[in-house]
Amino acid sequence: MSADIELGRQKLAWAREHMPVHAALRQRWASTWPLAGITVGVCSHIEAKTGVFVETLAAAGAEVVFTGSEPGSSQDDVVAALNEQDGIVGYARRGISDAELDELHNRALTHRPRFILDDAAELTARMVHQHPELLEGFIGMCEQTTTGIQRIQAMAREGAIRFPAYAVNNTPMKHEFDNIHGTGESSLTNLLQTTNLLLAGKRVVIAGYGDCGLGLATKARSLGARVMVTEIEPRQALRAHMAGFEVGPMAEAAAWGEIFITATGNREVIRGEHFDVMRDGALMANAGHFNVEIDAEALAGRAEEVTEARPGIAEYRTADGRRLHLVAEGRLVNLATPTAMGHPAEVMDTTFAMQAVAACHLVAHAEGLSPGVHAVPDEVDRDVAETRLTTLGIGIDELTESQRRFLESWRIEDIKG
Ligand SMILES: NC(=O)c1ccc[n+]([C@@H]2O[C@H](COP(=O)([O-])OP(=O)(O)OC[C@H]3O[C@@H](n4cnc5c(N)ncnc54)[C@H](O)[C@@H]3O)[C@@H](O)[C@H]2O)c1
C-alpha cells in the first residue's frame, strides 16, 4: 500500500505549528541562507518533527538528503510528504530489516553529503568506515545523542576522523530537555499506551540514572510508581539514592520489579541470569539507543513459546510457566511501538534547533576548528534558549553594569565596596 501523503502533510503541519523556534529560524535564514550550496545528510527517526527540521535546513539553503536512524522508527507518510518538497530527498521506511536500513544509508551517501546531522553517529560511522572517498571536501558533523558522541570520540581516539564534530547532545539546551523530559515523558506515554496498564503502585526498575534514567525515574514516581534504580557508576547511584529512589544491582531488582526500562547506552544490562529470577508477567522495555540493552537472544533461548500478547508486545513463556514480556523487540520504546510518536514537539523544537544552529556555526567556523570532537560554543546554546523564551513570551532580567562588575571582581574592596 502506498503511503498516505495527505496524512504526512497533516502531521508536518501540526508539528510545524508546535515548533515555534524552527519558525523563527526559517524567518532568520530566509535572506541569509547560511547553508547555501551545501548537501546536508540528516540521519534520524524520520517522523513529523524531524520533517520540520529537514524543511528548516532546506530553508537555510541546504540540499537535504535524509535517512532513518533505526529500522522501526520512521513514518512512511511523513517520508512521502517530505520527498515531494524542493531541495529534499530521502530514503527511510518503517519496519525494515537491519540489512535494508544499511542499503538506505548507502543510497543517502551516494548524494555525497558535505555535512552530516547525525543520530548515534550512524551515517558518519558508515561514511568513515565504508566510504572514506567521501571524506574529500567533507566539512563536519553534529551529533545529537549520548551514544553517538561516544562513537565519535572512539573514532577520534583511533585517529579515524579528519573533520570537526560538534557534541550537540552535551549542550544544556539539548540534554537537559530532550533526554530528561523528552525521553522521560514519551517513553512512559508510549509504554502505557502500548500496554494499556497502570503505573500507579507498580514496582518499576530503571536501569541507568543518567539524564534519560533520571527523567524516567522521576516521572514514573510522579505517576505513583515505586521506583528502583540500577547503576554501575557510584556517583550516579548516590544521586539516585539522594533523590529518594531505591538503588541496587540488577540481580536484586530483577526479582523485585514488575516493569523494567533500560536507559544505559550499554548492552546486556538485563540478561539470562536476570530473566531466571523475574516474576511471572514481568514487562521489559528499552529507552536506550540500541536494541541490545535487553538480551533478547537469551530471552528467546529460555522460551518454550513466543507469541504476540498485544501489538508491540512479545510474550516469552519459560519452561517453568512464567510469562515475560518484551516491548517493541527491545527497540526504543518511545519510537518503535505500533503507535509511537517519539518526543513531544516542543522538546524536539529545541533539540533540532540546537542541531541546526550548531551546523550553521560549524560551517561558518570550520576552517578554524581542528579535527575531533568539540563542545558547541555557549553562545549557540544561549541563542536557542533566548529564541525559545521569546516564542514563549517569557522575559528575563539583564545584569546591571554594577552586577556585571561585581561578578567579574575578585579583590575584597571591589566585592565589598
Ligand atoms: N529514547 C530516546 O529518545 C533517547 C533520547 C536521548 C538519549 N537516548 C539514549 O539513551 C541512552 C542513555 O542516554 P543518557 O543521556 O541518559 O546517557 P548517560 O550517559 O547520561 O546515562 C547512562 C547511565 O547508564 C549507566 N550505565 C551504564 N551501563 C550500565 C549498566 N550496565 N547498568 C546500569 N547502569 C549503567 C551509566 O553509568 C550512566 O549513568 C543512550 O543510548 C542515548 O543515546 C535515547
Checked the range 340-381 for anything within 16 Å of the ligand (Cβ to nearest atom) and of a type in the set (D, E, K, R); matches are GLU346, ASP349
Of the conditions (1) within 18 Å of LEU35 (Cβ to Cβ); (2) surrounded by fewer than 24 Cβ atoms within 10 Å (Cβ to Cβ); (3) in contact (Cβ under 8 Å) with a residue 40 or more places away in the chain, the single one that GLU84 does not satisfy is (1)
Give the residues of the range 234-254 that are open to solvent by 50 Å² or more (accessible area, probe 1.4 Å) and either within 10 Å of the ligand (Cβ to nearest atom) or of a type outside the set (Asp, Glu) (or both), sorted by residue number.
PRO234, ARG235, LEU238, ARG239, HIS241, MET242, GLY244, VAL247, PRO249, ALA251
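In this structure, is ILE261 in a strand (DSSP E or B) and in contact (Cβ under 8 Å) with a residue 60 or more places away in the chain?
Values: in a strand (DSSP E or B): yes; in contact (Cβ under 8 Å) with a residue 60 or more places away in the chain: yes.
Against the criterion (in a strand (DSSP E or B) and in contact (Cβ under 8 Å) with a residue 60 or more places away in the chain), ILE261 qualifies.
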If only one of GLY372, GLY393, GLY342, GLY368 is more than 14 Å from MET19 (Cα to Cα) and either among the aliphatic types (A, V, I, L, M) or buried (at least 19 other Cβ atoms within 10 Å of the Cβ) (or both), which one is it?
GLY342
Quick one: SER409 ticks every box in (1) over 30 Å from GLU297 (Cα atoms); (2) open to solvent by less than 60 Å² (accessible area, probe 1.4 Å); (3) modelled with pLDDT of 95 or more except a single one, so which number is it?
(3)
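Residues are listed down the side, and each one gets a yes or a no for (1) more than 10 Å from the ligand (Cβ to nearest atom); (2) in contact (Cβ under 8 Å) with a residue 24 or more places away in the chain; (3) surrounded by fewer than 24 Cβ atoms within 10 Å (Cβ to Cβ):
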{"site": "CYS142", "(1), (2), (3)": "yes, yes, no"}
{"site": "THR147", "(1), (2), (3)": "no, yes, yes"}
{"site": "GLN150", "(1), (2), (3)": "no, yes, yes"}
{"site": "GLN153", "(1), (2), (3)": "yes, yes, yes"}
{"site": "LYS174", "(1), (2), (3)": "no, yes, no"}
{"site": "ASN179", "(1), (2), (3)": "no, yes, no"}
Please determine whether any residue of the range 118-128 is surrounded by fewer than 21 Cβ atoms within 10 Å (Cβ to Cβ) and within 15 Å of the ligand (Cβ to nearest atom).
yes
So LEU104 fits all but one of (1) outside any loop (DSSP other than H, G, I, E, B); (2) out of contact with any Gly (no Cβ under 9 Å at 6 or more places or on another chain); (3) more than 16 Å from the ligand (Cβ to nearest atom); (4) not acidic (Asp, Glu); what number is the exception?
(2)
Do we have ALA336 as part of a loop (DSSP other than H, G, I, E, B), open to solvent by less than 50 Å² (accessible area, probe 1.4 Å) and out of contact with any Phe, Trp or Tyr (no Cβ under 7 Å at 6 or more places or on another chain) here?
yes
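The rows are residues; the columns are (1) surrounded by 21 or more Cβ atoms within 10 Å (Cβ to Cβ); (2) assigned to a strand (DSSP E or B); (3) among the small types (Gly, Ala, Ser).
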site: ALA3; (1), (2), (3): no, no, yes
site: ARG9; (1), (2), (3): no, no, no
site: ALA13; (1), (2), (3): no, no, yes
site: ARG26; (1), (2), (3): no, no, no
site: THR32; (1), (2), (3): no, no, no
site: VAL40; (1), (2), (3): yes, yes, no
Pull up the range 209-218, narrow it to residues that are farther than 13 Å from GLY182 by Cβ and within 6 Å of the ligand (Cβ to nearest atom), then point me to the one that is most open to solvent (accessible area, probe 1.4 Å).
GLY210
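State the number of residues belonging to the range 292-306 that are in contact (Cβ under 8 Å) with a residue 24 or more places away in the chain and either aliphatic (A, V, I, L, M) or open to solvent by 50 Å² or more (accessible area, probe 1.4 Å) (or both). Quick ask: steps written out before the conclusion?
Keep residues of the range 292-306 that are in contact (Cβ under 8 Å) with a residue 24 or more places away in the chain, which gives 292-296, 298-299, 301-302.
From what is left, the residues that are either aliphatic (A, V, I, L, M) or open to solvent by 50 Å² or more (accessible area, probe 1.4 Å) (or both) are 292, 294, 296, 298-299, 301-302.
Qualifying residue count for the region: 7.
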Is there a residue being open to solvent by less than 40 Å² (accessible area, probe 1.4 Å), farther than 15 Å from ILE232 by Cα, of a type in the set (S, T, N, Q) and modelled with pLDDT of 95 or more anywhere in the range 274-291?
yes
Based on this model, can you work out whether GLY51 counts as open to solvent by less than 40 Å² (accessible area, probe 1.4 Å) and either farther than 17 Å from THR124 by Cβ or not in a helix (DSSP H, G or I) (or both)?
yes
Has the range 219-227 got at least one residue that is open to solvent by less than 60 Å² (accessible area, probe 1.4 Å), among the small types (Gly, Ala, Ser), within 12 Å of the ligand (Cβ to nearest atom) and under 14 Å from ILE261 (Cβ atoms)?
no
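The values are calculated or read from the model by the stated rules, or taken from the named source; none is laboratory data. Since the model is a prediction, treat every value here as computed from it, not as a measurement. Methodologically, a virtual Cβ is constructed for each residue, glycine included, from the backbone with ideal geometry; neighbour enumeration extends over all protein chains shown. Keep in mind that these areas ignore ligands, DNA and RNA; they rest on the heavy atoms of the full protein, side chains included. Shrake-Rupley method; radii C 1.70, N 1.55, O 1.52, S 1.80 Å.
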